[in-house]
Amino acid sequence: MSLLPDPADHLLDGRGPAHYERDAISAVGMVSARFGNCTAAFSGADHGALRRDVDAVDLERPLGDTAAALRELDDLYLRDAVYFHHPRYLAHLNCPVVTPAVVADAIASAVNSSLDTWDQSGGGTLIEQRLIGWTCERLGFDPQLADGVFTSGGTQSNLHALYLAREHAIAAQSADRVEALARLRVFASADSHFSVRTAARLLGLHPDAVVTVATDQHRRMRADGLRAAITAARTSGAIPMAVVATAGTTDFGVIDPVRSIAEIVQEQPEPVWLHVDAAYGGGLLASPTRRHLLRGIEHAHSATVDFHKSFFQPVSASAILVRRAEWMDAGRHHADYLNPVRMARAGIPNQVDKSLQTTRRFDALKLWLTLRVMGAEAIGELFDRVIELADDAYQLIAADPRFEVLAPSDLSTVVFRYAGSDAANLVAREQLSANAEAMIASTTVDGRTFLKFTLLNPRTTISDVAEVVELIAGYASAHLPAQSSFAS
Ligand SMILES: *Cc1c(COP(=O)(O)O)cnc(C)c1O
């Protein structure tokens, strides 16, 4: 053991002998080597075996030495981590990350700015505000009037948006707050993200507050269905609070008709908040060829954009954007010790005024460095490539009589099933992972099991996809019902 004599020597303060550069470089070297030798998206390791290794580490006995701790970590974690950059990782909404963003994250961790107040971040706050303005401009919001804040993810962005919507709706009511709260309704399709329902519960809305709006054969929210649902709710004495349109559903990559939805929202007699959940589709804001798929989003009251999904950024990086800055005031809180009103009056930029978080990472920095190194078009082009790949993958599977495929996505998912039992499809998925061949996802559609590719890796080729499809067919066809350990 080579424990430093004074624990303070481990501080990153430019003084102690704790070797920041040396240790950072060896960590980078270790990760680089793993990336260089990465032969599978996942080793197929069993969680029981891995847990035994993790549990066996004695946390009361530090190794004292970074090199030794890194070697241990390489074995415990890196060897069996899930690698999103591998071309056969086709499972969830995780992207390979761009190098400028990774480098920026290391800087953000080292400097450790906290973006709650100006006096804990300095220019970090200004960089975040520029990026909020940049995103608002791309959304078609007037950047002079709009605002927003970075969040930990789409879940938090959606919660924040619905919180503002709730306050907006209650303020417009003459009814008593508690009484109004029970009558508020949110309209979303069945394919909207589950965080919309979680948010409604957290916000104290009625258990049935989220009304499911019908979808068409492409799984897009039906505009006439929305109009009917709002009218029915109002007739029954409920208060329409918000509509959540999804620009890229998590399961199908389908974009609701935002423009028609915005028109219906605008024709309502009372103010109804339009939130567009573009956690997935937000990458289209940078696309040189497909920005039009988001048309209508400029009419939203608020929008969610997950940079950690379609902007090739590391987790976490998301934002909530609002068309009018003053709409964020519903969440404003001034603490004497942190961000007193007098600071706001003096124009001191304290993001905690509007954020749901207090201490908050400088997640904006990675997007900043990405834009400064690569530019937005390059990011949008990468997203375009995976959308084109999904199109090719759709054609490939649709032409294969062994498979059934659901309506094509607007983004980069393909949902399909081997024409066989649910169990055969699930076995195929498990086998691909257990044999370290590929990672894919599964979901249930109308009671039946489907397999799913979420394509976010621009390096994945159509031959990768074709090979995985062949493997699926092989495993699924070899699966006899008698061997099944799954209920079908
Ligand atoms: C992923 C996703 C979310 C949740 O975002 P997190 O960043 O995972 O919290 C919300 N909405 C949609 C449409 C998503 O795809």
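The values are calculated or read from the model by the stated rules, or taken from the named source; none is laboratory data. Since this is a predicted model, take the numbers as computed values, not measurements. Don't worry about glycine lacking a Cβ; one is built from the backbone with ideal geometry, like all the others, and counts go over all protein chains shown. Ligands, DNA and RNA are stripped out before the accessible areas are found, and what is left, the full protein with its side chains, is counted by its heavy atoms. Shrake-Rupley method; radii C 1.70, N 1.55, O 1.52, S 1.80 Å.
Considering only residues that are in a helix (DSSP H, G or I) and open to solvent by less than 40 Å² (accessible area, probe 1.4 Å), look in the range 77-91 and name the one that is farthest from L471 (Cα to Cα). Filtering first and then ranking leaves L78.
Of everything in the range 107-146 that's of a type in the set (A, V, I, L, M) and closer than 30 Å to E21 by Cβ, which residue is most open to solvent (accessible area, probe 1.4 Å)?
Within the range 107-146, the match that is most open to solvent (accessible area, probe 1.4 Å) is V111.
If I filter the range 288-295 for residues that are open to solvent by less than 10 Å² (accessible area, probe 1.4 Å) and within 11 Å of the ligand (Cβ to nearest atom), do I get at least one hit? Within the range 288-295 (the criterion being open to solvent by less than 10 Å² (accessible area, probe 1.4 Å) and within 11 Å of the ligand (Cβ to nearest atom)), the answer is no, since none of the residues qualifies. Where strands (runs of 3 or more DSSP E) fall entirely within the range 170-269, those with at least 3 residues that are more than 16 Å from the ligand (Cβ to nearest atom) are at 239-246. Counting just the residues of the range 312-330 that are in contact with a Gly (Cβ under 8 Å, 6 or more places away or on another chain) and within 12 Å of the ligand (Cβ to nearest atom), which one comes out most open to solvent (accessible area, probe 1.4 Å)? Checking each candidate, the answer is V315. Within the range 263-281, restricting attention to residues that are free of Cβ contacts under 8 Å to residues at least 40 places away in the same chain and touching a strand residue (DSSP E or B) at 6+ places or on another chain (Cβ under 7 Å), which residue is most open to solvent (accessible area, probe 1.4 Å)? Only one residue fits best here, namely Q268.
Table: residues versus (1) touching a residue at least 12 places away in the same chain (Cβ under 8 Å); (2) open to solvent by 20 Å² or more (accessible area, probe 1.4 Å); (3) among the aromatic types (F, W, Y).
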site: A407; (1), (2), (3): yes, yes, no
site: R417; (1), (2), (3): yes, no, no
site: A424; (1), (2), (3): yes, no, no
site: V427; (1), (2), (3): yes, yes, no
site: N435; (1), (2), (3): yes, yes, no
site: T444; (1), (2), (3): no, yes, no
site: L451; (1), (2), (3): yes, no, no
site: I472; (1), (2), (3): yes, no, no
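The lone criterion from (1) among the charged types (D, E, K, R); (2) out of contact with any helix residue (DSSP H, G or I) (no Cβ under 9 Å at 6 or more places or on another chain); (3) assigned to a helix (DSSP H, G or I) left unmet by D13 is number (3). So is R291 of a type in the set (K, R) and in contact with a helix residue (DSSP H, G or I) (Cβ under 7 Å, 6 or more places away or on another chain) or not? When the stated conditions are applied, R291 passes them.
Which of the following residues is farther than 24 Å from S195 by Cα and within 16 Å of the ligand (Cβ to nearest atom): A110, A101, A91, A165?
On inspection, the qualifying residue turns out to be A101.
For the range 92-99, the condition of being part of a helix (DSSP H, G or I), open to solvent by less than 20 Å² (accessible area, probe 1.4 Å) and closer than 23 Å to S287 by Cβ holds for none of the residues.
Scanning the range 111-132 for residues that are over 13 Å from L338 (Cβ atoms) and polar (S, T, N, Q) yields a count of 4. Is it the case that the range 147-159 has a residue that's touching a residue at least 60 places away in the same chain (Cβ under 8 Å), open to solvent by 60 Å² or more (accessible area, probe 1.4 Å) and part of a helix (DSSP H, G or I)? For the range 147-159, residues touching a residue at least 60 places away in the same chain (Cβ under 8 Å), open to solvent by 60 Å² or more (accessible area, probe 1.4 Å) and part of a helix (DSSP H, G or I): absent.
Residues in the range 100-116 that are among the polar types (S, T, N, Q) and either part of a helix (DSSP H, G or I) or within 19 Å of the chain's Cα centre (by Cα) (or both): S109 alone. When the strands (runs of 3 or more DSSP E) confined to the range 371-488 are screened for residues that are touching a Ser or Thr at 6+ places or on another chain (Cβ under 9 Å), those reaching at least 1 such residues are found at 413-418, 441-445, 448-454.
Would a scan of the range 287-306 turn up a residue that is assigned to a helix (DSSP H, G or I), touching a His at 6+ places or on another chain (Cβ under 7 Å) and touching a residue at least 12 places away in the same chain (Cβ under 8 Å)? Among the residues of the range 287-306, not one is assigned to a helix (DSSP H, G or I), touching a His at 6+ places or on another chain (Cβ under 7 Å) and touching a residue at least 12 places away in the same chain (Cβ under 8 Å), which makes the answer no.
Name the residues in the range 270-282 that are acidic (D, E) and in a strand (DSSP E or B), would you?
D277
Entry remark, the range 54-66: residues being surrounded by 13 or more Cβ atoms within 10 Å (Cβ to Cβ) and among the hydrophobic types (A, V, I, L, M, F, W, C) number 1 in total. Within the range 192-212, residues that are in contact (Cβ under 8 Å) with a residue 40 or more places away in the chain sit with their Cβ atoms under 9 Å from residues that are more than 16 Å from the ligand (Cβ to nearest atom) and of a type in the set (A, V, I, L, M, F, W, C), at 6+ positions apart or across chains, in these pairs: A199/L205; L203/L181; L203/L184; L203/A209.
Is it the case that V243 is surrounded by 15 or more Cβ atoms within 10 Å (Cβ to Cβ), over 18 Å from P271 (Cβ atoms) and outside the structural domain of D410 (by TED's automatic domain parsing)? Answer is no for this residue.
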